[in-house]
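> Questions regarding the structure given below will be posed in turn.
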Amino acid sequence: MKKIISFFIIAAFVVSSYSQITVKLGSIANAEPGTYINVPLILSGFEAGNPGMIGMEFYFTFPSSVLAFDSVANALASAPASQWFYNANNGKLSANWLEGGLAPINFPNNTTLIEFVFFYNGGSAELTIDTLATTIIDEFSASFTIESFVDGTITQGQGALTSTWNGTGNWSNASNWSNGIPGPGTDVIINEGNVEVDGSVALCNNLQINANCTVVIKPGFSLTAVGNTNNLGTIILIGDLAATGSLKMEGTTNDQSKVEVRKLLSNAKTYHLATPVQNVTVASTQLSGDYFAFNESQNNWQSLASANSLNLGDGFEIRPSNTDTLHLIGNYSSSAFTKILSFTSQASADLEGWNLIGNPFTSAFNANDISGSSIYKAIYAWNGTRYLTWNGYTGNLVNGIIPSLSSFFVKSVGSGASISIPKTSCLHDFSYFNGQYSIPSNVLKLTLANFENATNFDETYIQFNPESTPNLDQNHDAFKLSNHVSYPELFSFSSDNSALAINSLPFATSVDLGYKAPAEGFYTISINSGYTGSGIALLKDKELNVEKDLKTENYTFSTVAGEFNDRFELFLSGVGIEDMAAPLIKVWGNNQVAYIQNISGKQQSGLLSVYDLSGRQVHTESIDLQSSELYSLPVKHGAYILNFECKSAKQALKLIL
């Protein structure tokens, strides 16, 4: 794609603000699969009398399984298609426009500037504008302030009430259907032959597959039965090295619904997998290799023999001998899943309670919907090189999505622990641990990367949450699990010395960092780009007595191979503590006495917690402050963080006494 580089460099230094500018992608309802659809780009704020625009750089994302970009059409006469440069790749479209003579154009509100033409495979789609990358340039070479962005959506038509399939071909072949391509309101009968879901998204209401008929779902595509399924034939899910066909049955399913999974695996990787079907053994997978189950009571991997069962809901590890196809053949029930977890007390708490759970569905699911008793909130999934984790809010297991055929660890904390995964958590997702994720403003991500190979890296997260404590928190923190031996590791420590991948803190403080270097060399520590938290993120190298503010500069250091837990300390000042528009209290010290004053103008009742800078809670009590009332705190000389929480708000304050 041709880029308008020099023009936008000039314009980047100036921002202009006139009437409200709105950028909108049109929405399309009742779209028909197998047809082309036009998505309009609609602008407002350029009516006569306002400065005109001379250029635009526009980006948005779309699901490539639903939409395939084709071309542009129906451009505004004053911004013809010949002046546009556009490209679509991996579900992201970029489009640049520059008026050839730099002559500004104006037009009425809600004018369509251009239309993007897609081939529609079927299903629902969200068209999400990249608000940071999208830029509009005015006649003075300044960037307009864009006041609002409106994303677009594509929804499929309901389709006919019934449609019957006969023959062999793709689901999107209208000629094989008796009453048109089905929609989510269509009752479908696969009467005779074989149908493939390839290059399309298949939707229907009730689904019946007759005996001797086959439905094959190719990698990266999906079938959703909104209603009930009666499968007397066979559903086959094909998987290559990148993705697997996805099946979601939202209603009931007959007991003998036969599903077959054929998943290609590489002998260059170790996988943590799961079977969504019943009655599978190691031998029936037809793939040679080393199979293992994780034994919670012994906290180690246990070899599986060919006769061993691979049970629904149990994860397993496989190291294939060759790049070949794994076969999982059995009955699929498509129901909610509940499992009693194992717990065995160990000498150290971080060694006990680890249960490897298998995704029981033929699709991905959202782990945020997991419920259970006596378990840690965090989950852990192996991506082939590292354990990714998610605590329900942040982490590198993006959005808590567990891919189909994958397994994940949960940690129980006592006998009688259980986990439940509702059927409604199922979704179609083909990102396989590589989804997009915007890090929240109260989260600091630190990365440790090999200086010579930035793809060889690890991450750790520090989250600021007033409901957490500096110690290990069952509902917020995530343990650090070991990566592949060729990958570095980075982790922080809780106040009670647990190594964490996600460390949730109630306030900004100092945090000890540990790392593991797989080989001697140079490594770089950085924080997430674009981080805007207040205060500093000061990294101290205690070995070299060097300090570096990671908000302004990365830190590169040399090390020998090994694990080191006392070299780095991170000082966080003000990070994650937001200033309140209307503070409730103020605090100050005088003659070694700390005072709190209610400055809100009305009575405030809440919980006051006081922490020293090591994160230790030194005082907590419920207080009831009348308007303008003073209150003395029973603390000694030192530096403290005060958290005050009432029904309507939370406030954190620093105190030096």
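> Grab the Cα-Cα distance for LEU241 and SER124, subtract it from 0.36 nm times how many residues apart they are, and report the gain in nm with one decimal. Before the final figure, lay out each step's value.
On the way: separation 117, 0.36 × 117 = 42.12 nm, distance 2.54 nm.
Additional length available on full extension: 39.6 nm.
> Step through the table entries LYS92/LYS423; LYS258/LYS423; LYS263/LYS445, compare each Cα-Cα distance with 23 Å, and write down the pairs that go over it.
Details: LYS92/LYS423 30 Å; LYS258/LYS423 19 Å; LYS263/LYS445 34 Å.
Among LYS92/LYS423; LYS258/LYS423; LYS263/LYS445, the Cα-Cα distance tops 23 Å for LYS92/LYS423; LYS263/LYS445.
> Given the DSSP H assignment, sum -39500 (n - 2.57) over each helix run of at least 4 residues in the chain and divide by its residue total; what's the result at 222 nm in deg cm²/dmol, nearest 500?
Details: 1 runs with 7 residues, N = 657.
One gets -500 deg cm²/dmol as the mean residue ellipticity at 222 nm.
> Rounded to the nearest 0.05, what FRET efficiency is calculated for SER297 and ASN471 with R0 set to 30 Å and r the Cβ-Cβ distance? Intermediate values should be presented prior to the final figure.
Details: r = 27 Å, r/R0 = 0.89.
The pair SER297/ASN471 has a calculated efficiency of 0.65.
> For a quick check: with amide H placed at 1.01 Å from N, whose amide H comes under 5 Å from SER600's, ignoring anything fewer than 5 positions away on the same chain?
Distant-sequence amide H within range of SER600: SER628.
> Let me ask you something else. With every protein chain present, what is the per residue accessible area of the chain (1.4 Å probe, Å²)? If you can, show how the numbers build up before the last one.
Working: 27780 Å² over 657 residues.
Using a 1.4 Å probe on heavy atoms only, each residue of the chain averages 42 Å².
> What distance in nm separates the two pseudo spin-label positions at ALA349 and GLU520, each 7 Å out from Cα along the beta-carbon direction?
Once both label points are built, they end up 3.9 nm from each other.
> At 0.692 mPa s and 37 °C, plugging the Kirkwood radius over alpha-carbon pairs of the chain into Stokes-Einstein gives what diffusion coefficient in µm²/s? Walk me through the intermediate numbers first.
Values: Rh = 28.4 Å.
Result for D is 116 µm²/s.
> At 0.36 nm per residue, and after removing the present C-alpha to C-alpha distance, how many nm does the segment from ALA336 to THR22 gain when stretched out fully? The partial results should precede the final answer.
Values: separation 314, 0.36 × 314 = 113.04 nm, distance 4.35 nm.
Net length gain for the segment: 108.7 nm.
> Going by the alpha-carbon gyration tensor, a ≥ b ≥ c the square roots of its eigenvalues, is the range 258-323 rounded (a/c under 1.5) or, if a/c is not under 1.5, prolate (a/b greater than b/c) versus oblate? Kindly include the intermediate steps, with their values, before the conclusion.
Values: a/c = 1.71, a/b = 1.14, b/c = 1.50.
It is oblate, given that a/c is not under 1.5 and a/b is not larger than b/c.
> Would you mind getting me the FRET efficiency between GLU543 and GLU452? Use the beta-carbon distance for r and R0 = 25 Å, nearest 0.05.
Numbers: r = 21 Å, r/R0 = 0.85.
Once the sixth-power term is evaluated, E becomes 0.75.
> Related question: How far is it, in nm, from the label point at GLN603 to the one at LEU161 when both lie 7 Å from their Cα along the line to the Cβ?
6.4
> For the pair GLU147/ASP566, report the inter-label distance in nm, with labels modelled 7 Å from Cα in the Cβ direction.
About 6.0 nm, to one decimal.
> Using 1/(1 + (r/R0)^6) with R0 = 25 angstrom and r between the beta carbons of GLU192 and THR325, what's the FRET efficiency to the nearest 0.05? Working shown, then result.
Values: r = 28 Å, r/R0 = 1.11.
Plugging the Cβ-Cβ distance into 1/(1 + (r/R0)^6) gives 0.35.
> Could you give the semi-axes, largest first, of the ellipsoid that matches the range 41-196, computed as the square roots of 5 times the alpha carbon gyration tensor eigenvalues and rounded to whole Å? Walk me through the intermediate numbers first.
Numbers: eigenvalues 337, 41, 35 Å².
That gives 41, 14, 13 Å for the three semi-axes.
The values are calculated or read from the model by the stated rules, or taken from the named source; none is laboratory data. These numbers come from a predicted model, not from an experiment. Counting neighbours? That spans all protein chains shown, and the Cβs are built from the backbone with ideal geometry, glycine included. Only protein heavy atoms, including side chains, enter the accessible area calculation; ligands, DNA and RNA are left aside. Shrake-Rupley method; radii C 1.70, N 1.55, O 1.52, S 1.80 Å.
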